[in-house]
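Working notes, beginning with the structure itself.
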Amino acid sequence: MALTATIYNLDIDLADIDRGIYERLHLRVARQPSETIEYMLMRVFAYCLEYADGIALTEGVAAGDEPAVLIRDLTGRINAWIEVGMPDADRLHRGHKRAGRAAVYTHRDVRKLLAQLAAANVHRLADIPVYTFERRFIDEVASLIERRSHLSLSITERELYLEIGGRTFATTIVEHRAK
């Protein structure tokens, strides 16, 4: 018998001061059986940090050839290809060429990821930002996420502030580039 996805209903108060975005988001996120809670959390953070018209969460690890997050224009054309974790270099290459803009949000070892991407032939790799968060931040927040959760997320000057379950956390969003 195949395992089914676990559904998380997340209400998020998003305040991205840097970009002037203030939204109340209601996300229904399917966490696949092979997906860690940390990976799912990074998908949600990537969605919030990239939030724009036309943004969509895909099915995560079950999305096949799609990234974790896509941004499409009104015609359906892909404008941004957003990967999470340790993305496949070939898929990132194809996605970046197709969309014209790509980014990676990772909770994994960034040095290993950058080395893997640098060893591959990724389209305009130096133009792809790789964002990381403090590992302790991800672990602590992951331990508090429930199937129904309310989060308040504020971003200012690449600092992320998060309130969940009456507790407040902060982390710096660090940008890396492959050379």
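Since every read-out is calculated from the coordinates, none of them should be taken as a lab result. This is a predicted model, so every value here is computed, not measured. Note that we place each Cβ from the backbone using ideal geometry, even for glycine, and neighbour counts take in every protein chain shown.
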Give me the residue from segment 139-179 that is part of a helix (DSSP H, G or I) and touching a Phe, Trp or Tyr at 6+ places or on another chain (Cβ under 7 Å) and, out of that set, farthest from LEU41 (Cα to Cα).
GLU140
Give segment 16-29 a look and list any residue that's touching a residue at least 40 places away in the same chain (Cβ under 8 Å) and over 15 Å from ALA52 (Cβ atoms), or say none.
ILE17
All but one of (1) in contact with a strand residue (DSSP E or B) (Cβ under 7 Å, 6 or more places away or on another chain); (2) closer than 20 Å to ILE12 by Cβ hold for SER143; which doesn't?
(1)
Matching entry among THR172, THR168, THR132, THR156 (being in contact with a helix residue (DSSP H, G or I) (Cβ under 8 Å, 6 or more places away or on another chain) and hydroxyl-bearing (Ser, Thr, Tyr)):
THR132
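Okay, residues lined up against (1) out of contact with any Phe, Trp or Tyr (no Cβ under 9 Å at 6 or more places or on another chain); (2) farther than 18 Å from ALA103 by Cα; (3) exposed (fewer than 14 other Cβ atoms within 10 Å of the Cβ):
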site: LEU3; (1), (2), (3): yes, yes, yes
site: ILE7; (1), (2), (3): yes, yes, yes
site: ILE17; (1), (2), (3): yes, yes, yes
site: TYR22; (1), (2), (3): yes, yes, yes
site: LEU25; (1), (2), (3): no, yes, no
site: ARG31; (1), (2), (3): no, yes, no
site: LEU41; (1), (2), (3): yes, no, no
site: ALA46; (1), (2), (3): no, no, no
